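Peer 1: Pasting a structure here, questions to come.
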């Protein structure tokens, strides 16, 4: 069990550019979540996958955001035409259906800075 | 909708002091309750959890009891250490179909030697 990993750990980009983040969940975890955390706030739910199906998206997830989980393994989160307001920590978590009360295990996050 | 309100920080204590971080919640149904901790430069780690009323979660000397009547899940530790310095987040999951977590804003704890 190597834990949840995320790549990159840090990303600096210019406004208007596209960025893509990757999350590798704990192997055999079928649920995968994306959250966003801004300075001084708790994480906020963005979207959720069960296997390869994206089952829920928050209203926070504008049309510029898209997430995929091909083959139900790793996931990517893409932000198109980034804005300064997108600057945040993007967290990924995974869990196992029927596991210990569905405990979510978090990755270290990707910190995005949009200039 | 679901929400979590936790004690505003920062909280500064001396080593071996008693810690309480208050957390109250609003949720539909019967949520599961969690405390997560974020040490400097690290990701969120589950500290403890409770899944039904009157359950007590405990780990590393920390405890929290699920109080349905007061909709609370206060975090306590009898004697804090410098190594406990971190940000603590209270969270709930209403279950249903997605088990997404709703977090409080976090409380920064600093423990001085």
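Just so it is clear, none of the values below were taken in a lab; they were calculated from the coordinates. Because the structure is a prediction, the values reported are computed rather than measured. A quick note on method: Cβ atoms are made from the backbone with ideal geometry, for glycine too, and the neighbour counts reach across all protein chains shown.
Peer 1: Mind checking A:35-44 for the average number of partner chain beta-carbons within 10 Å of each residue's beta-carbon? It would help to have the intermediate numbers written out before the result.
Peer 2: On the way: counts 4, 0, 5, 0, 0, 5, 5, 15, 9, 4.
Neighbouring Cβ atoms belonging to other protein chains average 5 per residue here.
Peer 1: Also: When a/c is below 1.5 the answer is rounded, else prolate if a/b is larger than b/c, else oblate, so apply that to region A:39-94 with a ≥ b ≥ c taken from the square roots of the Cα gyration tensor eigenvalues.
Peer 2: Prolate, because a/c is 1.5 or more and a/b exceeds b/c.
Peer 1: What number do you get for the protein assembly as shown when its Cα radius of gyration is normalised by 2.2 N^0.38 Å, N = residues?
Peer 2: The reported ratio for this selection is 1.02.
Peer 1: Pick from A:72, A:40, A:85: which residue has the top mean-square fluctuation in a GNM of chain A where Cα pairs under 10 Å get a spring?
Peer 2: Ranking A:72, A:40, A:85 by mean-square fluctuation puts A:40 first.
Peer 1: Is the shape of chain A rounded, prolate or oblate, going by the alpha carbon gyration tensor and its root eigenvalues a ≥ b ≥ c, with a/c under 1.5 for rounded and a/b larger than b/c for prolate?
Peer 2: prolate
Peer 1: Top mean-square fluctuation among B:57, B:78, B:41, Gaussian network model of chain B, C-alpha springs under 10 Å?
Peer 2: B:41
Peer 1: Could I have the simple spin-label model distance between residue A:68 and residue B:3, label points 7 Å from Cα toward Cβ, reported in nm to one decimal?
Peer 2: 3.8
Peer 1: Let me ask another. For the pair residue A:41/residue B:76, report the inter-label distance in nm, with labels modelled 7 Å from Cα in the Cβ direction.
Peer 2: Distance between label points: 3.3 nm.
Peer 1: Applying a 10 Å radius around every beta-carbon, put A:103-109, B:9-15 in order of their mean neighbour count, most first.
Peer 2: By packing density, highest mean first, the sequence is A:103-109, B:9-15.
Peer 1: Let me ask something else. Could you tell me how far the Cα centroid of region B:40-105 sits from the Cα centroid of region A:1-79, in Å?
Peer 2: That distance is 23 Å.
Peer 1: While we're on this one: Exposure proxy check: B:100, A:11 ranked by fewest other beta carbons within 10 Å? Could the numbers behind the result be given before it?
Peer 2: Working: B:100 24, A:11 18.
Lowest to highest Cβ neighbour count: A:11, B:100.
Peer 1: Continuing with the same structure: How far, in nm, would the chain grow between residue A:81 and residue A:54 when pulled straight, counting 0.36 nm per residue and subtracting the alpha carbon separation? Present the calculation step by step, with values, prior to reporting the outcome.
Peer 2: On the way: separation 27, 0.36 × 27 = 9.72 nm, distance 2.22 nm.
Fully extending the segment from residue A:81 to residue A:54 adds 7.5 nm.
Peer 1: For a quick protection proxy, order the peptides A:53-59, B:17-23 by their average other-Cβ count within 10 Å, most packed first.
Peer 2: My ranking of the peptides, most packed first, is B:17-23, A:53-59.
Peer 1: Please report, to two decimal places, log10 I(q)/I(0) for region B:44-103 at q = 0.13, 0.16, 0.26, 0.28 Å⁻¹ as given by the Debye formula with identical point scatterers on the Cα atoms and no solvent.
Peer 2: For region B:44-103, the Cα-only Debye profile gives -0.38, -0.56, -1.25, -1.35.
Peer 1: What percentage of all Cα-Cα pairs in region A:69-115 are separated by more than 17 Å? Mind showing how you got there, number by number?
Peer 2: Values: 549 of 1081 pairs.
Roughly 51 percent, once rounded to a whole number.
Peer 1: Beyond 21 Å, what share of the Cα-Cα pairs of chain B is found? Please give it as a whole percent.
Peer 2: 31
Peer 1: When a/c reaches 1.5 or more, the comparison of a/b and b/c decides; with that in mind, is region A:1-54 rounded, prolate or oblate per its Cα gyration tensor?
Peer 2: prolate
Peer 1: Roughly how crowded by other chains is peptide A:102-110, in terms of the mean Cβ count from those chains within 10 Å of each of its Cβ atoms?
Peer 2: The per-residue average across the peptide is 5.
Peer 1: When you look at the Cβ of every residue in B:35-44, what mean number of other chain Cβ atoms sits within 10 Å?
Peer 2: 4
Peer 1: While we're here: GNM on chain A, C-alpha springs below 10 Å: top fluctuator among A:96, A:39, A:60?
Peer 2: Highest fluctuation among the options: A:39.
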